[in-house]
Amino acid sequence: MNNQLLKAFHRALSSTKKTIIIPHKNPDGDALGSSLALHAFLIKTGHDSRIIAPNEYPEFLDWMPSQEEIIKFSQLPDESTQLVEDADIIFTLDFNQLSRIDKLAPVVEQSDALKIMIDHHENPGDYAPITYSDPSKGSTCEMVFELISSLDHDQIDASIATSLYTGIMTDTGSFRFPSTTARTHQIVGTLIEKGAKPNTIHQKVYDNYSFGRLQLLGTALNNLKKIDEIPVVYITLSQKELNQNNFKKGDTEGFVNYGLSLAGITLAAIMIENESEKIIKMSFRSKGSFDVNQFAKKYFNGGGHINAAGGISSLNLDETEAKFRNAVIDEKSQFNV
Ligand code: 5GP
Ligand code: MN
C-alpha cells in the first residue's frame, strides 16, 4: 500500500474511534477472515469495534476466532442500525459496491461516519473517502495483513493470523488460483510463524461436510452439462434437489470449481435456485483470458474478478439455463475455438 494511503489510515485511527466493520452479504472466508482480523487489531489498539454482517454465514466458518461476536443485521436490524448511526468509522471489507450489503446499504449511506473500503474486486465504487482497492490481490485478507503489518506488526497474534490465513486460503483456492503470488506465500509464512495452523484450518474449512452436503455434490456432478463445441460446462441445482439433500447455507460452496477440473474446459458455471428470494444465484469460474467479471456484469447483473465472479438471475431455472447457453454462444469468439 502506498504512503499516502497509510498516512490516511494513521490519521483516521490517531484517536480512539467507534468503528463498525461490514463484510458483504453471504460472507465467505475472506470477508469474515478480514473482518475478524481487523476487528481484533482495532480492539488491541484501543478502539471500539463491532462487526455487522448483513446475514448468516456457513457452518464451515463458525469456528473462526471471535466469530460469536459478529452481529447479524438480518437478526438484529434495530440494534445494528443504531450502532451504524453512532459509529465514527465504517470499514467495508471484501466488496466495493454498497448494493453488496443489501438492506444495510441505505443505513450506511445515511451515516455520517468516515467510510473506508478495503477490497480486491474490479471497478470500485466511490462511496468511501479512504479507498484501499487492489484487484491484483488474491484476497482482502492479504490487504488487511499489509495494513495492520504497516500500522503495528507486533499486534499480529495467533487469532489474527488464523483469521487472515483462512481468508487467504479460501480466496486463492488453497493457493492455486493465478492471483497467488510470492507475496501471498511470504504473508502466509509470517502468519504461520505468528501461530496460524495450516493443517487444522484446512480441515475445519474443507473436511466438515455433512452427509447431505456430500450427496448434494453427487447430485450437482450428475447434473453437469457440457455445451457442444465450446469449452463450457455448467451445473444446475433446483430448490427441490437442495431440499432433498437437507441443504444448509454454504453447502454448495466450491461446487462450481469441479467443472474446471475437466480437461480442456475454460468456463464453468453453477446456477442454484433460491425459491424464497425468487432468484437463481450464479457463480462463474474461468481459466485464462475469459473474463467472467465482464460476463457476469453483462448478462447476470453481477461482477467479481477475471477468473471468479457471480451474478443473479430473476428468470426461472430453465430460462436462466437457456439464457446462459445463449450468452456463452454469443461470446464464442472469446474461447478461441
Ligand atoms: P462466488 O461465486 O464464490 O459467490 O463469488 C465469486 C466472486 O464474485 C467473489 O469475489 C464475489 O464477491 C463476486 N460475486 C459473487 N456474486 C456476486 C454478485 O451477485 N455481484 C457482484 N458484483 N459480485 C459477485
Ligand atoms: Mn475476497
Inset, instruction - Grab the other residues whose beta carbon is less than 11 angstrom from that of Asn245, score K and R as +1, D and E as -1, and report the net. - result: +1
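Lys and Arg at +1, Asp and Glu at -1: add these up for the other residues within a Cβ distance under 14 Å of Thr184 and post the number. Write down the numbers at each step before the final one.
On the way: positive: Lys137, Arg176, Arg183; negative: Asp30, Asp134, Glu142, Glu146, Asp171.
Around Thr184, the surrounding residues sum to -2.
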Legend entry - Residue-normalised accessible area of region 211-335, given per residue in Å² at a 1.4 Å probe: 49 Å²
Legend entry - Residues of type lysines that Lys226 reaches as a straight line, Cα spacing below 20 Å, ignoring anything fewer than 8 places off in the same chain: Lys281, Lys287, Lys323, Lys332
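Placing +1 at every Lys and Arg Cβ and -1 at every Asp and Glu Cβ, with all other atoms neutral, what dipole size does the chain have around its Cα centre, in debye to the nearest 20?
Magnitude of the dipole: close to 640 debye.
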Legend entry - Formal net charge of residues neighbouring Leu317 (Cβ-Cβ distance under 12 Å; K, R +1; D, E -1): -2
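Per residue, what volume in Å³ does the convex hull of the Cα atoms of region 43-184 enclose?
Details: hull volume 17.3 nm³, N = 142.
It comes to 122 Å³ per residue, whole-number rounded.
Translational D (Stokes-Einstein, µm²/s) of the chain at 20 °C and 1.002 mPa s when Rh comes from the Kirkwood sum over C-alpha pairs?
D = 104 µm²/s.
Eigenvalues of the Cα gyration tensor times 5, then square-rooted: what semi-axes does that give for region 211-335, in whole angstrom, largest first? List each step's numbers first, then the result.
Values: eigenvalues 101, 51, 32 Å².
Rounded to whole Å, the semi-axes are 22, 16, 13.
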Inset, instruction - Express the accessible area of region 1-94 per residue in Å², computed with a 1.4 Å probe while the remaining protein chains stay in the model. - result: 40 Å²
Inset, instruction - Tally up the carbon and sulfur contribution to the accessible surface of the chain as a whole percent, 1.4 Å probe, everything protein left in place. - result: 47 percent
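Using a Förster distance of 22 angstrom, determine the FRET efficiency expected from the C-beta separation of Glu85 and His10, and round it to 0.05. Mind showing how you got there, number by number?
On the way: r = 26 Å, r/R0 = 1.18.
Result of the calculation: an efficiency of 0.25.
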Legend entry - Per residue solvent-accessible surface (Å²) - region 123-190, probe of 1.4 Å: 36 Å²
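Between Arg176 and Lys18, how high is the FRET efficiency from 1/(1 + (r/R0)^6) when r is the Cβ-Cβ distance and R₀ = 41 Å? Nearest 0.05. Kindly include the intermediate steps, with their values, before the conclusion.
Working: r = 40 Å, r/R0 = 0.97.
The pair Arg176/Lys18 has a calculated efficiency of 0.55.
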Legend entry - Positive-pole candidate from Thr16, Phe300, Asn222, dipole of the chain, charges at beta carbon: Asn222
Inset, instruction - For every helix of n ≥ 4 consecutive DSSP H residues, a contribution of -39,500 (n - 2.57) applies; sum these over the chain, divide by its total residues, and give [θ] at 222 nm rounded to the nearest 500 deg cm²/dmol. - result: -12000 deg cm²/dmol
Inset, instruction - Using the charge dipole of the chain (Lys, Arg: +1 at Cβ; Asp, Glu: -1 at Cβ; taken about the Cα centre), state which of Ile148, Ile265, Thr190 has its Cα farthest towards the positive end. - result: Ile265
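The values are calculated or read from the model by the stated rules, or taken from the named source; none is laboratory data. Remember, predicted model here, so these are calculated numbers, not experimental data. Please note: Cβ atoms are built from the backbone with ideal geometry, for glycine as well, and neighbour counts cover all protein chains shown. The area values use the complete protein model at the heavy-atom level, side chains included, leaving out ligands, DNA and RNA. Shrake-Rupley method; radii C 1.70, N 1.55, O 1.52, S 1.80 Å.
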